[in-house]
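The values are calculated or read from the model by the stated rules, or taken from the named source; none is laboratory data. Model, not experiment: these values are computed from the prediction. Cβ placement follows ideal geometry from the backbone for every residue including glycine, while neighbour counts extend to all protein chains displayed.
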Amino acid sequence: MNISSLFVILISAILVNNFVLSRFLGICPFLGVSKQVETAFGMGMAVTFVMAMASIITYLVQILILDNLGIQYMQTIAFILVIASLVQLVEMIIQKTSPTLYQSLGVFLPLITTNCAVLGLTILNISQDFNMIESIFHAIGAAIGFSLAIVLFAAIRERLELAHVPKAFKGFPIALITASLMSLAFLGFAGLV
Amino acid sequence: MNIESIIYPIASLGGLGLVFGAGLAYASQKFAVEIDPRALAIRDALPGANCGGCGVPGCDSFAKLVAEGKASVDGCPVGGPDCAKALAEIMGVEVDVKERRVAKVICNGNKEKCKDKFDYHGINDCVAASMVGGGGDKSCNYSCLGFGTCVRACQFDAIEIVDGRIAKIIPEKCTACGKCIEVCPKDVIDMVPYEQSVVITCNNKETGKIVRKKCEVACIACKICVKACPFEAIDFKNNLAFIDYEKCTQCFVCVEKCPTKAIEGDLEKRKKAIIDDDTCIGCTICKKHCPVEAIEGELKGKHKILADKCIGCGVCEAKCPKKSIKMN
């Protein structure tokens, strides 16, 4: 393992295999919490924390428990258990530290539990045979990629609010079109690594 | 199949769950947010319809505002007096319970009584209909269109469309949340006290001559009710009579006198005064105050109510120094 391979993992998770725009994971909060840059940033941070912690803990769970006992088939349920607990923890911390953010994230905060980006990340970590360090870099890359996508999208949506959009396209239709254009734009990174 | 393949998953996942659970329990202590216990109690005492009738989104927000003292305990129009009392108890404040009010459609001009301007075959909705042909298909521009926009807005099933396309509000179910008033494009719904049975059911603000041509049951601004009312409870504004509900004693005189029957009131509900002979001392006070001379009797003699003249206004009951008059 060398530094450059870690860098490749990081960049590929952020840009090339962006979780939202290339892998299409975590679309629900991507569309739900992207009306304001500030909220989107908060969501990105929450997901970053959950992803980083989840990748460490699930890695340990996989190696120490699942592989040891030969019960890999329990992977999904065990990982969801880890993620759900982490989300609960994040929810408590956010409620304590920033009630405003807690209010604006609303139902999407507990919904990180079922955010397939997090579960997808942990399962990808295992299936690509990443070790601990690589998993952490992959998680950070995925989280930055998610945050990047959601913050960019929120910024565009903020400007769309003021733009002159045909009535039929107002709101979600134009948001979905924007998302697809962003996804196309990110295709440009393919072949980077 | 060995027993281990069952034991391992159960033990490992159970163990994980236990560890995480313990961790979360610790965290919840550590990061506990103090929520005003009164807010929770208030939330439980509220109806929980999240209708927004109080002006804030949802019962939770309202409960929080009340607990912080930023909203009045009687601010929930749906819960009514009972809810206000419960909230006042939780907050430890006094509340003078407001009279219960209900929404009322102030129009009786159904398809038979109010003439059509044209046949409407459009979207089945008052707002849509009110945009066509200068305010809908009815010749009266102030009338209830009866397409049920309010019925759909009502969360309590308290509105129905009766024969001849007029919305009717069932007072028993109405919670006075005000949703119907908001959505009605004709502003033909008003709030009246629950106990009030005498209500002017016309909203037309045009002069009598014009109104007469349009609707059989409209207020034609003849002012007969104003003159007839013994308590000066009726006044006129914009060619329309309106009742001062504080002064109205529900004597139904105006209901009887109105030439177009534009004042609603169930005469069956009219009360009659009864004098208790045992306690009447013959002071003639009631006789002097009766607006319709329905009491006869000499000084120091027992008084008698002339049932066919009595309008059940209750003035004598209030004036009798011996409390020997009852309304029945």
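Could you list, ordered by first residue, the pairs with Cβ atoms under 6 Å in which the first is in the range B:11-36 and at positive phi and more than 9 Å from every other protein chain (Cβ to nearest Cβ) and the second is part of a helix (DSSP H, G or I) and exposed (fewer than 14 other Cβ atoms within 10 Å of the Cβ), at least 6 apart or interchain?
From residues that are at positive phi and more than 9 Å from every other protein chain (Cβ to nearest Cβ), there are no pairs.
Answer yes if at least one residue in the range A:60-68 is out of contact with any Leu (no Cβ under 9 Å at 6 or more places or on another chain) and away from chain B (no Cβ under 13 Å), and no otherwise.
No, there is no match, as no residue in the range A:60-68 is out of contact with any Leu (no Cβ under 9 Å at 6 or more places or on another chain) and away from chain B (no Cβ under 13 Å).
Is the range B:93-110 home to any residue that is more than 30 Å from B:Cys76 (Cα to Cα), buried (at least 16 other Cβ atoms within 10 Å of the Cβ) and not polar (S, T, N, Q)?
yes
Being outside any loop (DSSP other than H, G, I, E, B) and either under 19 Å from the mean Cα position of the chain (by Cα) or surrounded by 15 or more Cβ atoms within 10 Å (Cβ to Cβ) (or both) is the filter here, so list the residues in the range B:236-255 that pass it.
B:Leu240, B:Ala241, B:Phe242, B:Ile243, B:Val253, B:Cys254, B:Val255
Exactly one of these conditions fails for A:Ser55: (1) at pLDDT below 90; (2) more than 8 Å from chain B (Cβ to nearest Cβ). Give me its number.
It fails just one condition, (1).
Is there a residue being surrounded by 18 or more Cβ atoms within 10 Å (Cβ to Cβ), in contact (Cβ under 8 Å) with a residue 60 or more places away in the chain and within 30 Å of B:Asn204 (Cβ to Cβ) anywhere in the range B:78-91?
no
Looking at the structure I just gave you, is A:Met92 buried (at least 16 other Cβ atoms within 10 Å of the Cβ), within 14 Å of chain B (Cβ to nearest Cβ), free of Cβ contacts under 8 Å to residues at least 60 places away in the same chain and within 17 Å of A:Ile123 (Cα to Cα)?
No, not satisfied.
Only one of A:Val47, A:Val37 is more than 8 Å from chain B (Cβ to nearest Cβ), within 30 Å of A:Thr100 (Cβ to Cβ) and surrounded by fewer than 19 Cβ atoms within 10 Å (Cβ to Cβ). Can you tell me which?
A:Val37
Does B:Cys280 meet the test of being outside any loop (DSSP other than H, G, I, E, B) and more than 19 Å from B:Ile106 (Cα to Cα)?
No: the conditions fail for B:Cys280.
Does B:Cys54 satisfy being away from every other protein chain (no Cβ under 14 Å) and either more than 30 Å from B:Ala176 (Cα to Cα) or assigned to a helix (DSSP H, G or I) (or both)?
Against the criterion (away from every other protein chain (no Cβ under 14 Å) and either more than 30 Å from B:Ala176 (Cα to Cα) or assigned to a helix (DSSP H, G or I) (or both)), B:Cys54 does not qualify.
I'd like to check something: does the range B:203-221 contain any residue that is surrounded by 22 or more Cβ atoms within 10 Å (Cβ to Cβ), touching a residue at least 40 places away in the same chain (Cβ under 8 Å) and under 18 Å from the mean Cα position of the chain (by Cα)?
yes
Given the structure, is A:Glu38 more than 24 Å from B:Phe20 (Cα to Cα) and among the acidic types (Asp, Glu)?
Taking the combined requirement at face value, the residue satisfies it.
When both residues are 6+ apart or on different chains and their Cβ atoms are under 9 Å apart, which pairs have a first residue that lies in the range B:229-241 and is of a type in the set (Gly, Ala, Ser), and a second that is in a strand (DSSP E or B)?
B:Ala233/B:Ile243; B:Ala241/B:Ile200; B:Ala241/B:Ile234; B:Ala241/B:Asp235; B:Ala241/B:Ile263
Which one of these is within 28 Å of B:Gln250 (Cβ to Cβ), aliphatic (A, V, I, L, M) and outside the structural domain of B:Lys257 (by TED's automatic domain parsing): B:Ile159, B:Ile123?
Checking each option against the conditions leaves just B:Ile159.
Is it the case that B:Ala41 is part of a helix (DSSP H, G or I), touching a helix residue (DSSP H, G or I) at 6+ places or on another chain (Cβ under 7 Å), more than 14 Å from every other protein chain (Cβ to nearest Cβ) and at pLDDT 80 or above?
yes
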